[in-house]
1. Test of understanding: ordering 173, 43 by Cβ neighbours within 10 Å, fewest first, what list do you get?
2. Stretch residue 29-residue 55 to full length: gain in nm at 0.36 nm per residue minus the Cα-Cα span?
3. Between residue 136 and residue 36, what length in nm is gained on full extension when 0.36 nm per residue of separation is reduced by their alpha carbon distance?
4. Once you place label points 7 Å from the Cα toward the Cβ at residue 170 and residue 111, how far apart are they in nm?
5. Can you bin region 117-212 into rounded, prolate or oblate? Criterion: square roots of the alpha carbon gyration tensor eigenvalues sorted a ≥ b ≥ c, rounded for a/c under 1.5, prolate for a/b above b/c, oblate for the rest.
């Protein structure tokens, strides 16, 4: 089922669980990250703590959240939240409260720290236009896991089912909530942190299966 890229990294040439079969499968829940392990970066002290932890990790999970647009022709002002995760912590940068973070720019532009995530296609241009950040050293798992000759991308739900035999719950109502709100609620914190943290866990499982 698996092949290798020219660089020797194994790909999934076939997704064993699509959305329909995933919905019907009886899988245990994916636990995800705990609320106690989420850091909402809203001060210089917390930004410095996040910088130290994230720059010390060779690979981190990465994602962004934006307030949804509903009107035709409406232009997104996002991202409004940026999430970065190590094995033990998820650091959430709310741009409404922390709009010009030197630490965030350092991490995202680092060529030494690999940022991995799902569905990162628009993040590069959005970060450049809004924050002047030149995103570097990024791997979109949705692209690399699908393998050659397959259309679309692999989502986090399918990847978690494939690698862990578990079900990842993602609330549509939370995903389309107001991420520009200066006071994010607990459900938003868990949803956003999980997006970044689960990407790192999938990356680890993928590389382990590849024999790296």
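1. Values: 173 8, 43 11.
The order, fewest Cβ neighbours first, is 173, 43.
2. Details: separation 26, 0.36 × 26 = 9.36 nm, distance 3.09 nm.
Extending this stretch completely gives an extra 6.3 nm.
3. Values: separation 100, 0.36 × 100 = 36.00 nm, distance 2.94 nm.
Extra length available between residue 136 and residue 36 comes to 33.1 nm.
4. That separation, rounded to one decimal, is 3.2 nm.
5. Values: a/c = 1.98, a/b = 1.27, b/c = 1.56.
Oblate.
Only the coordinates and a few stated rules stand behind these numbers; no lab work does. Everything quoted here is computed from the prediction, not taken from an experiment. For neighbour counting, all protein chains shown are included, and Cβ atoms are generated from backbone atoms with ideal geometry for every residue, glycine included.
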